[in-house]
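Engineer: Can you read through this structure? Questions will come right after.
Laboratory data are not the source of any read-out in this text; all were calculated from the coordinates shown. Quick caveat: nothing in here was measured; it's all calculated off a predicted structure. Cβ placement follows ideal geometry from the backbone for every residue including glycine, while neighbour counts extend to all protein chains displayed.
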Amino acid sequence: MIVARPHNFYTLAEGKPLPSNDSSVQVRIKQGGGLVLLQDTQLIETLAHFFRERIPERVVHAKAIGARGYFQVTHDISDLTDADFLNGIGKKTEVLARISTVGPEAGSADTIRDFHGFAIKFKTAEGNNDWVFNNQPVFFVRDPIKFPSLNRSHKRHPATHSTDADMFWDFHVGSPESVHALMFLFSERGTPASLRNINAYSGHTYKFTKKDGSFHYVRIHVHADAGVKNLTNDEAVRLAGTSPDHLTLDMFNAIEEGNYPSYTVSVQTIHPADVALCPVNMFDMTKVLPHARYPLRPVGKLVFNRNPINYFSEIEQAAFSPSTMVPGIEPSADPMLQARMFAYPDAARYRLGVNYQMLPTNAAKVPVYIPTERDGFMNFGANYGADPNYVNSSVHPTGFHDAARWGYKPTEEVLSGSVVFTSEITDEDFTQPRALWTNVLSKEEQETFVKNISGDIAAVKRDWLREKVFDLFRRVNGSLGDRIEEAVNKIVKV
Ligand code: NDP
Ligand code: HEM
């Protein structure tokens with residue numbers, strides 16, 4: 001992005017040259033001091049603009065780092081999708097990424113224990129495509145109505161305005177489907193050593209589609225080529241005090257030094273004919289698709305090789321959304337994904353305004369033509385001139401027709417069922433967390449998990465709530481619950 005410096009003198013925002021940009025116009029008084037004048041437009045603008053510098057921060061994922069780079073196709077997946085940017089080995093697509101913590105505010109420390117968001121905007125030849133992922137493969141809830149409650153319980157208590165262990169654990173005890181995600185949060189992966197050493201996962205099942213109407217269900221995985229590396233809890237806590245932007249600067253400096261972070265993108269696939277064989281509900285993002293049955297198929301490489309020049313204009317003003325998709329990728333019936341299709345554009349309209357797609361950082365690199373969306377605050381385009389602002393005009397035919405580049409037959413996905421409220425918890429919710437505990441975590445990682453989580457639970461003030469938390473983890477594994485109880489009791493009795 002070029003920073004324009006047309007003259008060697010300062011001007012007002014309207015272009016008038018200024019005699020001085022560091023002094024206000026004053027009536028000098030004999031006794032000393034001075035009176036400023038309402039006619040001093042520069043002074044008034046300077047103050048008024050400063051007071052309006054803040055825009056609402058993201059309600060979640062407020063603290064972040066941005067990076068630019070490219071995605072390059074390394075493997076042929078033309079049997080799965082006709083999406084242009086995923087086809088043609090060697091093809092490169094420009095990307096903009098934003099990697100964030102979730103709960104705390106924009107000014108918070110970035111090493112604190114949390115999930116990390118991993119949002120990628122691909123500027124493709126078919127319009128923008130966004131992947132808005134997290135660094136853990138599962139999410140805490142599977143019903144979108146719980147999303148605001150989940151996040152409030154991780155944020156600040158309405159009275160104390162502080163994070164609150166009772167509120168956090170009360171939510172999770174009341175929503176036990178979150179236990180799988182909690183296992184990741186309190187594992188070593190809850191405190192990454194570097195954002196160059198985290199993975200990212202779609203979590204949701206998406207659809208990759210072909211022009212003939214065929215499709216596969218997919219889950220997308222992004223693996224750090226440098227491997228996953230983590231901080232200990234003590235290191236993370238120390239850095240939060242001594243270097244609160246540790247992860248931000250680590251990433252920025254690595255890119256500045258030419259040590260470009262890279263990641264491998266791959267997919268797990270399910271053919272629609274094989275859905276009944278899937279051992280889990282693939283639209284439930286509290287569950288993973290087991291690797292043994294659904295092996296990873298490599299697709300391409302993601303490389304970050306450029307830092308933003310201006311954080312506010314390129315990253316804070318960026319708007320990512322799972323609804324931003326190109327032909328060849330479609331949403332699935334995951335209720336969380338369906339809710340997110342609405343949530344992000346709605347949040348962007350609130351945070352950035354109704355014309356947020358026009359901001360340079362969000363603008364597609366292909367021509368955009370939607371003359372039925374026009375006007376609105378801060379519309380700085382040509383606003384479609386005199387083109388009809390209603391559909392199907394015979395008076396002013398534009399020569400455009402629907403989906404000129406589309407050429408896709410609709411995918412046939414038959415969905416049926418009764419209308420219900422559904423939130424039941426079953427033993428299946430504990431199977432995969434148990435597999436993580438028993439089969440994946442080493443003895444040392446188990447030890448660390450118990451240490452990490454017991455320190456947090458020990459801050460719960462109510463004895464009965466702590467008992468409920470122990471019982472939650474007993475459902476994962478009896479001895480896990482016992483070990484947590486023992487470790488918590490040692491801390492509480494000190
Ligand atoms: P696998 O043994 O094939 O997969 C286990 C996966 O766990 C690894 O491939 C790795 O995924 C991830 N992993 C490795 N070490 C750790 C760690 N210390 N902390 C957290 N995750 C780790 O078996 P399944 O696919 O059957 O999964 C078994 C359990 O593993 C699941 O229940 C889930 O809890 C966890 N898991 C599964 C993933 C999946 O998509 N199937 C992804 C991540 C975890 P990665 O290479 O992505 O880091
Ligand atoms: C940011 C809503 C679930 C990843 C956000 C924002 C909202 C939101 C409102 C702020 C957007 C903005 O102001 O621009 C929701 C809702 C969810 C949900 C309603 C569930 C129903 C998830 C899940 C993931 C995720 C499951 C990951 C798999 C992210 C990321 C960001 C984000 C990475 C930051 C995007 C950025 O960098 O701008 N979410 N979210 N969210 N969310 Fe979600």
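Engineer: Going by a ≥ b ≥ c, the root eigenvalues of the Cα gyration tensor, does the range 1-53 fall in the rounded group (a/c under 1.5), the prolate group (a/b larger than b/c) or the oblate group?
Structural biologist: Here the range 1-53 falls in the prolate category.
Engineer: Taking the Cα centre of the range 1-53 as origin and charging only Cβ (+1 Lys, Arg; -1 Asp, Glu), how large is the dipole, in debye to the nearest 20?
Structural biologist: 160 debye
Engineer: Among Ile453, Tyr384, Pro290, which residue has its Cα positioned farthest towards the positive end of the charge dipole of the chain, with +1 placed on the Cβ of Lys and Arg, -1 on the Cβ of Asp and Glu, and the dipole taken about the Cα centre?
Structural biologist: Result: Tyr384.
Engineer: Read phi for every residue in the range 19-29 and hand back ³J(HN,Hα) as whole Hz from Karplus 6.51 cos²θ - 1.76 cosθ + 1.60, θ = phi - 60°, with x for Gly and Pro.
Structural biologist: x, 7, 9, 10, 9, 7, 7, 10, 8, 6, 9
Engineer: Can you list the residues, at least 5 places off or on another chain, whose amide H is less than 5 Å from the amide H of Arg297, using H built in the peptide plane?
Structural biologist: Val267, Gln268
Engineer: Of Ala13, Val36, Thr46, whose Cα points farthest to the positive end of the dipole of the range 1-53 (charges on the beta-carbon: +1 Lys, Arg; -1 Asp, Glu; origin at the Cα centre)?
Structural biologist: Working it through, the farthest residue towards the positive pole turns out to be Val36.
Engineer: For the chain, what is the relative contact order in percent, using Cα pairs closer than 8 Å and at least 6 residues apart in sequence?
Structural biologist: Computed value for the chain: 17 percent relative contact order.
Engineer: Can you list the residues, at least 5 places off or on another chain, whose amide H is less than 5 Å from the amide H of Asn305, using H built in the peptide plane?
Structural biologist: For Asn305, the qualifying residues are Arg68, Gly69, Tyr70.
Engineer: Which of Ile329, Phe252, His204 sits farthest toward the positive end of the charge dipole of the chain, with +1 on the Cβ of Lys and Arg and -1 on the Cβ of Asp and Glu?
Structural biologist: Phe252
Engineer: Assign unit charges at the C-beta atoms only (+1 for Lys and Arg, -1 for Asp and Glu), then state the dipole size of the chain relative to its Cα centre in Debye, rounded to the nearest 20.
Structural biologist: So the dipole magnitude of the chain works out to roughly 700 debye.
Engineer: Moving to a separate point now. So what's the convex hull volume per residue for the Cα atoms of the chain, in Å³?
Structural biologist: Normalising the Cα hull of the chain by residue number yields 222 Å³.
Engineer: Here's something else I'd like to know. Taking θ as phi - 60°, what are the ³J(HN,Hα) couplings along the range 62-71 by the Karplus curve (6.51, -1.76, 1.60), each to the nearest whole Hz, with x for Gly and Pro?
Structural biologist: 7, 8, 7, 10, x, 8, 10, x, 8, 10
Engineer: Still on this structure, please answer the following. Collect residues whose amide H, placed 1.01 Å from N in the peptide plane, falls under 5 Å from the amide H of Gly328; neighbours closer than 5 in sequence don't count.
Structural biologist: Hits under the 5 Å cutoff: Thr209.
Engineer: State which entries of Lys155/Lys493; Lys92/Lys211; Lys91/Lys301 exceed 20 angstrom in Cα-Cα distance in the structure shown.
Structural biologist: Pairs exceeding 20 Å: Lys155/Lys493; Lys92/Lys211.
Engineer: Kindly write out, for the range 36-46 in residue order, the coupling ³J(HN,Hα) from the Karplus curve 6.51 cos²θ - 1.76 cosθ + 1.60 (θ = phi - 60°), rounded to whole Hz, with x marking Gly and Pro.
Structural biologist: 7, 10, 5, 6, 7, 4, 5, 5, 5, 4, 4
Engineer: Excluding residues fewer than 8 places away in the same chain, name every one of the lysines whose C-alpha is closer than 19 Å to that of Lys490.
Structural biologist: Lys451, Lys461, Lys468
Engineer: May I pose another question? Under 11 Å from the Cβ of Ala165, count the other residues' Cβ atoms, weight Lys and Arg +1, Asp and Glu -1, and hand me the total.
Structural biologist: -1
Engineer: Calculated from DSSP H runs of 4 or more alone, at -39500 (n - 2.57) each and per residue, what is the 222 nm mean residue ellipticity of the chain, nearest 500?
Structural biologist: -8000 deg cm²/dmol
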